[in-house]
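Chemist: First the structure, then my questions, so here it is.
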Amino acid sequence: MIKVSCIQMNIAQCSKETNVKKALLMAKNAIDSGSQIIVFPEAFSTGFCYKDLESIAESSASQRVEEYPTVAEFLDFSKIHDCVIIGSIIEKKVENSSVYKYHNLGFCIESGTLSGVYRKTHLYGMEKTHFSRGEQICPIKLEKLGITIGLQICFEIRFPEVSRKLVLADADILVTVAEFANPKLTQWKALVAARAIENQIPHIACNRVGTAPLSSYFGNSMIVNAWGNVKVEAGNEECFVVGEIDTDETQRIRGKVSLLDNRQLDLY
């Protein structure tokens with residue numbers, strides 16, 4: 001069993017220092033509750049701060065993600081507390097001296113080491129105007145825990161192809177970090193469960209709460225097992241929720257009826 005937490009934050013728009021300070025405090029509370037994997041919402045350090053994108057986006061002179069300020073803070077936290085941190089931030093990636101791109105950058109840290117990153121490939125709404133899409137969908141291996149994370153970001157939960165590709169590449173747990181807005185609560189709950197059911201895999205889905213200039217958010221972060229049963233679900237307030245993931249359950253379920261083995265690949 002692996003103990004996991006969703007940190008369901010109310011994100012202060014464009015206020016990186018405030019959000020990171022809160023995130024670290026909530027993460028420490030989750031650690032004190034025994035959590036090994038801690039998941040934050042999408043763009044948790046700033047929200048979608050398009051008006052100040054230049055100043056809030058993360059970068060470094062070396063272009064190493066490990067040196068991005070927010071990532072560096074959570075590398076230190078993860079090392080001290082021997083835990084896994086998963087979330088997404090806004091990145092400014094320099095292509096050459098005069099050309100750069102912004103990305104919605106997912107990251108996964110394990111015990112003080114950056115295990116991997118994922119740049120969102122399916123952009124939604126205003127993201128299409130401001131961000132470049134990522135070019136790869138690959139899971140992230142956690143060496144110490146010995147499991148593989150299939151990380152996807154918000155809108156991508158609507159595309160079963162994303163989760164399926166991650167699972168076929170041997171992901172053990174799906175993780176969705178999100179800013180899923182009102183009035184789409186019914187869709188959120190259905191999609192979170194569906195991605196688990198159709199792939200017979202546990203799913204950690206972390207959503208934000210609060211308001212932004214154009215949206216409000218309902219929360220309802222969920223931890224779902226490989227049967228698609230909701231083990232833990234948050235309400236619509238800022239909080240963190242804790243649950244357990246049984247990665248062995250996937251093999252027990254697939255041993256009865258494996259959906260992956262029953263695909264008819266000659267027909268689709």
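Chemist: Tell me the residue from 190, 171, 196, 205 that is in a strand (DSSP E or B), of a type in the set (A, V, I, L, M, F, W, C) and either closer than 14 Å to residue 150 by Cα or free of Cβ contacts under 8 Å to residues at least 24 places away in the same chain (or both), please.
Modeler: From the options 190, 171, 196, 205, the qualifying one is 205.
Chemist: May I ask you to say which residue of 28, 51 is at pLDDT below 95 and open to solvent by 40 Å² or more (accessible area, probe 1.4 Å)?
Modeler: Residue meeting the stated conditions: 51.
Chemist: Which condition from (1) among the aliphatic types (A, V, I, L, M); (2) more than 15 Å from residue 42 (Cα to Cα); (3) without any contact (Cβ under 8 Å) to a residue 60 or more places away in the chain; (4) outside any loop (DSSP other than H, G, I, E, B) is the one that residue 226 breaks?
Modeler: (4)
Chemist: Let me ask something else. Give me a count of the residues in the stretch 137-151 that are outside any loop (DSSP other than H, G, I, E, B), of a type in the set (A, V, I, L, M, F, W, C) and over 19 Å from residue 58 (Cβ atoms).
Modeler: 3
Chemist: If I ask for residues that are part of a helix (DSSP H, G or I) and open to solvent by 20 Å² or more (accessible area, probe 1.4 Å), which ones from the stretch 1-25 would you list?
Modeler: 16, 17, 18, 21, 22, 24, 25
Chemist: I would also like to ask the following. Pick from 156, 161: which is of a type in the set (Asp, Glu), outside any strand (DSSP E or B), crowded, with 21+ Cβ neighbours inside 10 Å and modelled with pLDDT of 95 or more?
Modeler: Only one candidate passes the filter, namely 156.
Chemist: If I ask for residues that are open to solvent by less than 30 Å² (accessible area, probe 1.4 Å) and over 16 Å from residue 148 (Cβ atoms), which ones from the stretch 240-266 would you list?
Modeler: 241, 243, 253, 258, listed by residue number.
Chemist: Need pairs with beta-carbon distance below 9 Å; first residue over 15 Å from residue 202 (Cα atoms) and touching a residue at least 40 places away in the same chain (Cβ under 8 Å) and within the stretch 136-165, second aromatic (Phe, Trp, Tyr) and open to solvent by 30 Å² or more (accessible area, probe 1.4 Å); sequence gap 6+ or separate chains.
Modeler: If the second residue must be aromatic (Phe, Trp, Tyr) and open to solvent by 30 Å² or more (accessible area, probe 1.4 Å), the pairs left are 154/124.
Chemist: Among the residues of the stretch 113-153 satisfying the criterion of being among the charged types (D, E, K, R) and open to solvent by less than 30 Å² (accessible area, probe 1.4 Å), which is farthest from the chain's Cα centre (by Cα)?
Modeler: 127
Chemist: Follow-up question, since we're still on this one. Residues that are touching a helix residue (DSSP H, G or I) at 6+ places or on another chain (Cβ under 9 Å), under 17 Å from residue 120 (Cβ atoms) and open to solvent by less than 10 Å² (accessible area, probe 1.4 Å): does the stretch 184-198 have at least one?
Modeler: No, because not a single residue in the stretch 184-198 is touching a helix residue (DSSP H, G or I) at 6+ places or on another chain (Cβ under 9 Å), under 17 Å from residue 120 (Cβ atoms) and open to solvent by less than 10 Å² (accessible area, probe 1.4 Å).
The values are calculated or read from the model by the stated rules, or taken from the named source; none is laboratory data. These numbers come from a predicted model, not from an experiment. Here Cβ is always computed from backbone atoms with ideal geometry, including for glycine, and neighbour counts include all displayed protein chains. With ligands, DNA and RNA removed, areas are computed over all heavy atoms of the protein, side chains included. Shrake-Rupley method; radii C 1.70, N 1.55, O 1.52, S 1.80 Å.
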